[in-house]
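Down below is the structure, laid out as structure tokens.
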Amino acid sequence: MYHWPIIFLNLLLATTLAYATEQTSLGDEARMIQASGKKHHGSESLIRKMHPEFLLHKRDRTSREGVRTKKHSLKNCVYCHANKDKKTNQYYSVNKSGQFCSVCHQKVSVSIDCFACHRNTPSKGANNAQ
Amino acid sequence: MHNKLNRRDFIKTTSITSLSVATIASGITLTTFAQRKNPVTNAKRWGMLVDTNKLTETDIDSMVDACQKEQGWGGEKYSIGNQKPTWIRKLKVKDKATGKISNLPLMCQHCEHPPCVDVCPTNASMRREDGIVLVDKHLCIGCRYCMMACPYDARSFVHENLTEQKEHMPRGKGTVESCTLCVHKVDNGEQPACVVRVNSEAVIFGDLYDPNSKINQTLKKIQSTQIRADLNLNTGVRYSGI
């Protein structure tokens, strides 16, 4: 059982390092919240470690039981964490290389298929932020 | 405390939160909230009544159009022939004796005993507690048994990579899809897109169980039928005028 703490520590280290190098990709909406001095996720280390579980839990709650709250909804992650290209005024795909849902994953060799189906940019007129 | 959260603590905290949510919210009805907070229950059964006499062919075409616009299907570039997704379509039926032709919109009939759910090897094909039959695409492996099992030919398979999906309706290559009764709208207290598009007398949507609902009252009054009633699937979509 001793390998679990080690794996966890490694992941923590990897994600922290990834964070340190790529603060700029946080996303327009999220950066605005940060700039205003507020926090969205109660604890950053929690969301960093636990977001896969949160997402999968929410996924089942929504698609099988019809629970449609904003908390941990994937739409909402995309809404806050997408960056706009200042020149063209178009959103970058949130899972594009160098963008928020990709920087850490590249570092730790995680690949996710969520955006084969889910929209990877906020849709026009979207305002889902909690 | 947050920094040391392990899997077991996570399960503990989440079950406590969901318990307290359940107790707080149990006395509050859905209509007071725009967004659904509690799991759906079998106290409701969603259904639809289609009066084919009140629907013209153009009405049915516009129902199909409303569905495409809402859910974002129909723009597939590389799919040909019967590869094209069809969530709802116009069907012509002819009475052999009299030659009477009726047109009807056909989509997933949201059966109480859905054959597509029986055959699914991964539990992806599912019937929600409130009677809506769905594909949980997260579990779908694309085997298409459900498409073979469905007597209404109501399901389609996505044959190509897609982009620019609707935010509320993720769709992707390799999975099966079908009419969801616009579950994303129904959960927020709205009506399905095709129902909104046509005359409110021609297509009625509502809770079959609720004696105060228009659909329940109308079904008590008029003659209606289920398509392939002989299969005893007890469909949620009913028709009158055929």
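Bear in mind these aren't lab numbers, they're just calculated from the coordinates by the rules spelled out. Fair warning: this is a prediction, and the values are worked out from it, not measured in the lab. Backbone-built Cβ (ideal geometry, glycine too); neighbour counts: all protein chains shown.
The stretch between B:Lys214 and B:Lys100 holds 38.2 nm of extra length on full extension. This uses 0.36 nm per residue minus the Cα-Cα distance.
Sort out for me the Cα centre separation of region B:119-139 from region A:81-95, rounded to whole Å. Using only Cα atoms to place each centre, the spacing works out to 35 Å.
The sum of -39500 (n - 2.57) across all DSSP H runs of n ≥ 4, divided by the residue count of chain B, sets its helix-only mean residue ellipticity at 222 nm to -7000 deg cm²/dmol. Ordering A:Lys49, A:Lys71 by the number of other Cβ atoms within 10 Å of each residue's own Cβ, fewest first, gives A:Lys71, A:Lys49. If Lys and Arg each add +1 and Asp and Glu each add -1, what is the summed charge of the other residues whose beta carbon sits under 12 Å from the beta carbon of B:Met48? Cβ neighbours under 12 Å give a net charge of +1.
For chain B, a Gaussian network of Cα nodes joined below 10 Å ranks B:Leu162, B:Leu55, B:Leu106 by mean-square fluctuation, and the top entry is B:Leu162. Separation of the alpha carbons by more than 29 angstrom is noted, of A:Lys124/B:Lys214; A:Lys71/B:Lys84; B:Lys37/B:Lys166; A:Lys71/B:Lys69; A:Lys38/B:Lys185; A:Lys49/B:Lys84, for A:Lys124/B:Lys214; A:Lys71/B:Lys84; A:Lys38/B:Lys185; A:Lys49/B:Lys84. A Förster radius of 51 Å combined with the Cβ-Cβ distance from B:Asn232 to A:Ser97 puts the calculated FRET efficiency at roughly 0.40.
If the segment from B:Thr41 to B:Thr163 were pulled out straight at 0.36 nm per residue, it would be longer than the present Cα-Cα gap by 40.5 nm. Let's test the formula: R0 of 22 Å, r as the Cβ-Cβ distance of A:His41 and A:Val110. What FRET efficiency results, to the nearest 0.05? With R0 = 22 Å, the Cβ-Cβ based efficiency is 0.70. Within chain B, helices built from complete DSSP H runs that reach 15 Å or longer along their own axis (Cα positions) and carry a mean Kyte-Doolittle hydropathy of 0.0 or higher are B:7-25.
For B:Met148 and B:Ser224, a Förster radius of 22 Å and the Cβ-Cβ distance give a FRET efficiency of 0.20, rounded to the nearest 0.05. A simple charge model with +1 on the Cβ of Lys and Arg, -1 on the Cβ of Asp and Glu and nothing else charged puts the dipole of chain B at about 300 debye relative to its Cα centre.
For the listed peptides B:234-240, B:211-217, A:61-67, a ranking on the average number of other beta carbons within 10 Å per residue, highest first, reads B:234-240, A:61-67, B:211-217.
Under a crude label model (7 Å from the Cα following the beta-carbon direction), how far is B:Val196 from B:Ile242 in nanometres? For B:Val196 paired with B:Ile242, the spin-label model returns 2.5 nm.
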